[in-house]
Every structure is written in C-alpha cells, then in structure tokens.
Amino acid sequence: MARSVTTQHKTIATIAAWIVALLIFFPILYTIITSFKSEQEAIQGFNLIPSGTFESYIEVQAQSGYFKFFLNSVLLSVGSTILALLVAIPAAWSMAFAPTKRTKDILMWMLSTKMMPAVAVLFPIYLIFRNLGLLDSRIGLMIMLMLINLPIVVWMLYTYFREIPGEILEAARMDGASLWNEIIYVLTPMAVPGIASTMLLNIILAWNEAFWTIRLTTTEAAPLTAFISSFSSPQGLFWAKLSAASTLAIAPILIMGWFSQKQLVRGLTFGAVK
Amino acid sequence: MATQQTRSLARFMMAPSVVLLLVWMVVPLALTLWFSFQQYNPLNPIRDGFVGFSNYALFYSNPAFLQSILNTLTLVVSVLLITVIGGILLALLIDQPMWGQGIVRILVISPFFVMPPVAALVWKNMIMHPQYGVFADIARFFDAQPIDWFGQHPMLAIVIIVAWQWLPFATLILLTALQSLDGEQKEAAEMDGAGFVSRFIYLTLPHMSRAITVVILIQTIFLLSVYAEILVTTNGGPGYASTNLPFLVYQKALLEFKIGQASAGGIIAVILANIVAFFAMRAVGKNLDK
C-alpha cells in the first residue's frame with residue numbers, strides 16, 4: 001500500500017519536474033536545433049526537426065571570422081583567471097593560516113568592492129584605458145576582468161583553505177619542514193581541489209562578463225560577448241546564423257557549468273550556503 | 001617565536017590583492033566624483049570648468065531620470081519576486097524522489113551559464129519575435145494576434161528574460177539548502193501528523209531563510225546593473241520605456257558625451273548600490289561568524 005503511493009508520488013513528481021525543466025531549457029534547445037537549419041527553414045514556423053545542415057556554422061566563420069572572437073574569449077577568461085589566482089592565492093593563504101583581528105574586515109571590504117556599480121566608473125576607466133593605449137587590447141581587458149573577479153577568487157580560496165586542518169601544518173613544522181617546504185609539499189596538494197574549483201567558476205564568470213568586454217573593445221580584443229551583441233541590429237535573414245554563433249558561444253561554458261554546480265553555490269554565496 | 005616573521009610575511013602576501021583593489025576602487029571613483037562637478041565635453045572643450053551641483057540638478061530634472069529609477073526598481077523587484085517564489089517551488093519539486101533527477105537539475109541550471117547577450121538575443125529573435133518567434137507561432141495556432149513584446153511591453157519582456165537567467169541560480173542555491181535539511185527532523189514532523197503545508201511553514205521555510213536572504217542580496221547586486229540585456233534588445237526604448245539607471249548613465253557618457261551629467265548619475269548609482277550593500281554586508285558578515 002505505502003509502496004504504491006510512493007511509486008505514484010514518484011511518477012507525478014517525475015512528470016511535473018521534467019515538464020518544467022524542459023520548458024526552462026527550451027530556449028537553449030531551440031537555439032541548438034535552429035543552428036542546424038538553413039535560413040529559409042528557420043523562419044518557416046515552429047519545427048523541432050532540422051535538416052541537419054552545417055551551413056550556418058560555415059557562414060558565421062566565413063562572414064565574420066568567428067574563430068578570432070572565440071579565441072579572444074578563451075584567452076581573456078583563462079588569462080584573467082590565472083592572473084587573479086596569482087594575486088589571490090598568497091592573500092587567501094595568509095588570511096586562512098595567519099588570521100589577524102583585521103582579517104574579517106579586509107575580507108568584507110574586498111567583497112564591498114564587488115558592489116560598486118560598473119557604470120559609475122565607466123568614463124574614468126574609458127579615459128584611463130584610452131590614455132594608456134589599452135582600449136581594445138587583450139591585456140587591458142584581462143586586467144579589468146581580473147580586478148572585477150578578484151574579490152570572489154580571494155573569498156572562495158579563503159573558504160577552501162580554511163578547511164585545511166592546521167594540525168597538519170604543525171606536524172610538518174615539528175618534523176622540521178621549512179615554511180617553503182610546508183607550502184610546496186603539504187599545503188599545495190591539499191589546496192589543489194579548491195584552487196581548481198575556484199578557477200572553474202572564475203572562467204565561467206569571466207567568459208560571460210558583458211559590460212566591460214563590450215564597452216572596452218572594438219575589433220582586436222573583442223570576445224564572444226561583444227561579437228554576439230553585434231547581432232542586435234539584424235540584417236536580412238540571420239536566425240540560423242545567430243543560433244549557430246550562440247550555440248558555439250555557450251557550449252563550452254555550459255558543459256563546464258554542469259560540472260561546477262556545487263562550486264557555483266559556494267563561490268557565489270561566499271561560503272554562506274554549502 | 002616565528003609569529004613575528006609569519007605576521008610580516010602574511011602582510012607581504014596580502015599586499016598585492018589589497019593594493020590592487022584599493023587602486024581599482026579609489027582612483028576611478030574619485031575621478032567620477034570630480035567629473036560630476038565639472039562641465040566636461042571632449043567634443044567641445046571651450047566651456048569646460050567647475051560647475052558645482054548643476055550636473056546633479058540637470059540629471060535630476062531630466063524626465064528620463066525618474067523613469068530610469070522606476071525601471072531599475074521594477075526590474076529588481078519583479079525579478080526577485082519571480083525567482084525567489086519560483087525558485088522555492090522548483091527546489092521543492094526537484095527535491096522530491098524522481099527518475100532522472102540529475103538531468104532535471106542540469107536542464108534547470110543551464111540558463112545561468114548563457115552569456116547575457118546570447119540570452120537576450122535568443123529570447124528577442126527566437127521566442128518573442130512578433131513574426132518568427134515561438135510565441136507568435138503559438139498565438140497564430142490559437143488564431144490570436146501575436147504580441148509585439150519589445151514595442152508594446154518592453155519592460156515586461158526584459159523582466160522575463162532576466163528572470164529566466166536568474167531563476168536557475170535561485171533554484172540551485174535553495175535546493176542546496178533544502179537538501180541539507182535533516183531527514184530525521186522531517187520524519188519526526190511527519191510522524192507527529194504535520195501536513196505538507198505546516199511542515200513547509202514551520203520547518204522547511206525557517207531552514208531556508210538564510211539561503212533566501214543570500215539569494216535576494218546577491219541577485220540585487222547583479223540586477224541593479226543589468227546592461228547587456230537592454231543594449232541588445234530595446235536599446236532603452238521605445239523612448240525611455242526600458243532605460244534603467246546604468247543604461248541612462250551609459251547613454252549620457254558614451255553616446256551624448258555629457259560626462260558631467262553621466263558622472264552625477266554614476267554617483268547616484270553608487271549611493272543606491274551602497275544602500276543595498278549595507279544590508280548585504282551585514283547578512284553575509286553574520287554568516288561568516290558561524
């Protein structure tokens with residue numbers, strides 16, 4: 001008796017959840033489907049079965065050199081993440097293992113920089129970038145992305161490092177390990193999973209950043225966010241091409257995101273929800 | 001003993017992060033503040049100079065200003081309502097025993113990873129387009145007149161798009177909180193004869209309150225500065241119907257080159273964000289102590 005109720009309950013829950021999930025996922029699914037249609041097919045009304053042509057993908061590359069923007073997205077997101085890690089790892093390490101009275105204040109202050117609205121400093125940054133010749137340069141944008149994500153990186157690393165038991169360090173010190181050896185042989189192996197998670201989340205955030213990447217670039221350093229935005233003024237039939245460009249732009253990060261659900265929760269809530 | 005050495009080393013290791021963030025925060029903001037009291041036009045530099053508060057007065061008296069504040073608040077409040085209520089319901093649903101839970105989770109979380117310009121353009125062209133969109137197809141199927149979303153209801157359309165982007169985030173956070181709820185407590189409540197509703201109100205909701213707070217605060221930070229979604233769909237229009245504060249500041253600065261007014265607007269945006277940040281920091285700070 002109880003068992004049949006459970007099965008019935010499970011069936012209803014399954015059906016309801018799948019319907020809702022498919023509805024939420026639908027815009028992405030339909031974009032992927034449309035990317036395999038020809039431009040004529042794409043505007044002929046609702047149709048879930050594409051003819052399976054790759055012509056939109058080839059067109060997007062041929063017309064606009066799609067690969068260059070893709071490469072910029074990879075360089076900017078990975079580059080800014082590595083820069084941020086280089087700066088943040090020592091800071092997070094010292095805050096986790098040698099905390100002082102002010103550690104908490106510093107962490108809170110770092111978080112508060114994240115709350116400054118980007119538009120408020122749009123013109124000064126634009127001016128500084130122009131005068132330093134950094135407009136539309138990859139290195140300038142890399143520094144920019146590093147700065148806006150640095151608080152999250154420090155925070156995430158800090159919450160991971162704090163979980164490494166201090167006794168292990170003491171034991172190593174008792175055995176005569178120098179500070180340097182302690183970092184290389186004891187801490188680093190234990191910290192690698194946390195660093196990897198942080199890296200993953202930060203690449204996602206940098207890849208999808210759509211204010212500075214659009215405003216500080218024109219052609220040379222423009223990543224996919226800027227390229228896709230150029231589709232905002234349509235010219236002729238572009239539904240299938242927009243879909244192909246969009247599919248390529250979101251696919252790598254979507255797959256990375258699926259693997260980083262837990263880290264995402266932790267990183268974006270600053271350790272408040274685990 | 002080694003503590004003195006450790007302490008100075010710790011300070012040395014923290015210096016790069018602190019200095020970078022300090023420079024990043026102080027220099028541009030100081031420049032914005034300075035520009036907000038200046039007449040500064042890169043195209044017409046003859047009349048440049050100190051003008052007191054007149055930039056603020058001009059920015060306030062601009063009819064677009066009130067509209068943009070209203071739009072900003074509409075966007076933040078509506079998206080929060082949709083995502084928090086929808087997120088709680090979705091989290092409760094996904095938390096039920098079912099087949100294929102892992103895939104359901106993946107499908108639901110996906111929109112969060114879609115970059116804002118893609119999300120907005122896909123909705124604009126594939127879903128809401130008055131001629132070729134899926135909504136238009138559905139309307140035609142029922143012999144109804146397709147809606148011109150961005151012409152007639154631009155704010156509603158943007159709210160829908162932004163809510164679609166953030167519903168997965170709320171759901172994921174709330175689901176994580178829900179799954180950490182002690183199973184035994186739930187069972188005990190069930191044994192005592194507590195129905196689903198009273199279990200939800202007296203057990204589940206209090207347990208999720210911290211996660212709900214975090215969702216509201218973090219989303220508010222991001223929702224206050226929605227930009228790309230507006231840029232690629234309505235470009236703030238028709239008129240100023242879908243212009244929010246960030247978009248107005250952008251228009252003043254980079255399209256009209258009214259740097260003084262844009263800076264005054266930027267300072268207003270900072271004040272607005274600070275009011276929100278004040279509450280955000282208190283909540284996150286409290287969680288840090290636990």
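FYI, it's all coordinate maths here, none of it is from the lab. Just so you know, these numbers come straight off a predicted model, no measurement behind them. Cβ: placed from backbone, ideal geometry, glycine included. Neighbour counts: every protein chain shown.
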**Complete:** Scoring only Lys, Arg, Asp and Glu (+1, +1, -1, -1) among other residues with Cβ under 12 Å from the Cβ of B:Gly133 yields 0
**Asked** Measuring from label point to label point, each 7 Å out along Cα→Cβ, what is the A:Arg173 to A:Ala196 span in nm?
**Response** 2.9
**Item:** Loop-located chymotrypsin sites (Phe, Trp or Tyr not before Pro) in the stretch A:1-103, at most 14 other Cβ atoms within 10 Å (DSSP)
**Value:** A:Phe46, A:Phe54
**Asked** What does the charge add up to near B:Ala119, with Lys and Arg as +1, Asp and Glu as -1, over the other residues with Cβ less than 14 Å from its Cβ?
**Response** -1
**Prompt:** What Kirkwood radius, in Å to one decimal, follows from the Cα pairs of the stretch A:201-274?
**Reply:** 14.1
**Asked** Across the residues of B:258-265, average count of Cβ atoms on other protein chains within 10 Å?
**Response** 2
**Prompt:** Tell me, what is the percent relative contact order of chain B, built from C-alpha pairs under 8 Å that lie six or more residues apart?
**Reply:** 28
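So what is the 222 nm mean residue ellipticity for chain B from helices alone, if each DSSP H run of at least 4 adds -39500 (n - 2.57) and you divide by all residues, rounding to the nearest 500 deg cm²/dmol? Provide the component values of the computation, followed by the final result.
On the way: 14 runs with 202 residues, N = 290.
-22500 deg cm²/dmol, from helical runs alone.
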**Request:** Check each of the chymotrypsin sites (Phe, Trp or Tyr not before Pro) in the stretch B:168-206 and keep only those in coil by DSSP with at most 16 other C-beta atoms within 10 angstrom; list them in order.
**Result:** none
**Asked** Per-residue mean of other chain beta-carbon atoms within 10 angstrom of the beta-carbon, peptide B:19-32?
**Response** 6
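To two decimal places, what compactness ratio does the stretch A:1-130 give when its Cα radius of gyration is scaled by 2.2 N^0.38 Å?
Against the compact-globule rule of thumb, the ratio is 1.81.
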**Request:** At a temperature of 37 °C and a viscosity of 0.692 mPa s, determine how fast the stretch B:143-290 diffuses translationally according to Stokes-Einstein, using the Kirkwood radius over alpha-carbon pairs as Rh; express D in µm²/s, rounded to the nearest whole number.
**Result:** 176
**Message:** Quick check: from the Cα gyration tensor, does chain A come out rounded (a/c under 1.5), prolate or oblate?
**Reply:** oblate
**Request:** Loop only per DSSP, at most 15 neighbouring Cβ atoms within 10 Å: give me the chymotrypsin sites (Phe, Trp or Tyr not before Pro) in the stretch B:59-151, ordered by residue number.
**Result:** B:Trp99, B:Phe142
**Request:** Determine the distance separating the Cα centre of the stretch B:1-79 from the Cα centre of the stretch A:118-140; give it in Å without decimals.
**Result:** 14
**Request:** Would you compute, from DSSP H runs of 4+ residues alone, the mean residue ellipticity of chain A at 222 nm, taking -39500 (n - 2.57) per run and dividing by the full residue count, rounded to the nearest 500?
**Result:** -23000 deg cm²/dmol
**Shielding of B:94-107 by partner chains, average beta-carbon count, 10 Å** = 6
**Item:** Tensor-based shape of the stretch B:55-94 (alpha-carbon gyration tensor, a/c under 1.5 rounded, otherwise prolate or oblate)
**Value:** prolate
**Prompt:** Tally Lys and Arg at +1 and Asp and Glu at -1 over the other residues with C-beta under 13 Å from the C-beta of A:Ser38: what net charge comes out?
**Reply:** -2
**Message:** Let me see the P(r) profile for the stretch A:18-74: every Cα-Cα distance counted, bins of 5 Å, each bin given as a percent of all pairs.
**Reply:** 4, 17, 20, 18, 17, 14, 8, 2
**Request:** In a Gaussian network model over chain B where Cα atoms closer than 10 Å are linked, find which of B:Ala241, B:Ala57, B:Ala163 has the largest mean-square fluctuation.
**Result:** B:Ala57
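In nm, what is the difference between 0.36 nm times the number of residues separating B:Ser198 and B:Glu184 and their Cα-Cα distance?
Result for the pair: 3.4 nm of gain on full extension.
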**Prompt:** Among the aspartates and glutamates, which have Cα under 17 Å from the Cα of A:Lys68 when same-chain residues fewer than 8 positions away are ignored?
**Reply:** A:Glu59, A:Asp136, A:Glu220
**Request:** Please work out the C-alpha center-to-center distance from the stretch A:189-229 to the stretch A:1-80 and express it in whole Å.
**Result:** 22
**Item:** Percent RCO, i.e. relative contact order, over the stretch A:65-268, from Cα pairs under 8 Å lying at least 6 residues apart
**Value:** 34
**Item:** Violating pairs (Cα-Cα greater than 30 angstrom) within the set A:Lys37/A:Lys114; A:Lys10/A:Lys37; A:Lys114/A:Lys241; A:Lys37/A:Lys262; A:Lys114/A:Lys262
**Value:** A:Lys37/A:Lys114; A:Lys10/A:Lys37; A:Lys114/A:Lys241; A:Lys37/A:Lys262
**Asked** Where does the Debye-calculated log10 I(q)/I(0) of the protein assembly as shown sit at q = 0.09, 0.10 Å⁻¹, using only Cα point scatterers of equal weight, no solvent?
**Response** -0.75, -0.92
**Hydrodynamic radius by Kirkwood, which averages 1/r over all alpha carbon pairs of chain B, in angstrom** = 22.6
